[in-house]
Amino acid sequence: MTEDSLHRRALILAMIVTVLWSSSWVIIRFGLDDAGLTPVVFAGLRYGSAALLLLAVVLSRPAGRRELRALQPVHLARLAGLGVVFYTLTQGAQFVAIDHQPAATTSLVLAMTPLLVVAASRRTLGEAPTGAQIGGAVLVAAGALAYFSGSLGATAVGMVAAGIGLGSNVVAALLGRWVNRMQHSLPLVTTAVSMTVGAALLVMAGLVVEGVPEITGKAVVVIAWLAVVNTAFAFTLWNHSLRHLTATESSVINNTMLVQIALLAWVFLDEAPSAPQFFGIAAVSLGVIWSQRR
């Protein structure tokens, strides 16, 4: 398979993942509001369950067991670092933000990720962004700012948590690309190890801050779906796509979630966008398309 074919397949996989992740925001709101879950424990249970599933799959395969045994301490440390940034900080902060303000508002803060990744990727990864990628990232950021001109129901706690999620998301985009570009392990092993570390810290933090939750039948269904489909399956596909997408590309594709979340929140959560917010959605869409011109 040619490099162009691999790149196109990686783009398609990344877009499938964003659809799954966008639906997660609606499901998370349901878990917080209707299933009685608290945000940090909820995040820990989601990623902890997914991590256990992935580890079971890895350990059931001879190739997976060999890869785990062959991992060098330095690479294990890199995967652990990715887990702390990508899961403990980014996902934990997002759950807290979603709990305190509309889902679309939090996704708008995270829409600044591509612009920051573009600024950092040349120095940190040696991946110089193209003119189209820079232009697309700027248009995405402009669209997000236009969206911010409306009434978003933001809260102090929600915005602080979203800001933490933004910073850690930028670091995760760069670190994830760096780790996967070296291809020291299969995407499944990379995902399983990093997620296990990040989820373990999330669970411990949640139990300390929020206490032991009461798990209802609704909560079990929500956690199981998020863990199996939207986490274990989706993050494995994402790490596979990062082998062929630059940090800027993956970050901009990830930002299509801004449009998807806004539409899903409108349909399922009754969070209708205003006219400036529709303009922002259109600008983000154009920015993503522009950044992918080859």
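Would you please give the FRET efficiency between ALA63 and TRP266, computed as 1/(1 + (r/R0)^6) with r the Cβ-Cβ distance and R0 = 45 Å, to the nearest 0.05?
Working: r = 44 Å, r/R0 = 0.99.
My answer for the efficiency is 0.50.
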- [ ] Could you list the residues of region 31-52 with an amide nitrogen less than 12 Å from a label point located 7 Å from the Cα of THR216 in the Cα-to-C-beta direction?
- [x] 31-38
Task: Length gained when the stretch ALA70-PHE30 is fully extended (0.36 nm per residue, less Cα-Cα span) - done: 10.3 nm
TODO: Compute the convex hull volume of the Cα atoms of region 3-291, divide it by the residue count, and report the result per residue in Å³ as a whole number.
DONE: 120 Å³
Open item on the list: Given R₀ = 35 Å, what would the calculated FRET efficiency be for MET204 paired with THR2, taking r from the Cβ atoms and rounding to 0.05?
Closed with: 0.15
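Each reported figure results from applying straightforward, stated rules to the coordinates on display, with no laboratory input. Predicted, not measured: the structure shown is a model, and the values here were computed from it. Heads up, the Cβs are rebuilt from the backbone with ideal geometry, glycines too, and the neighbour counts pull from every protein chain shown.
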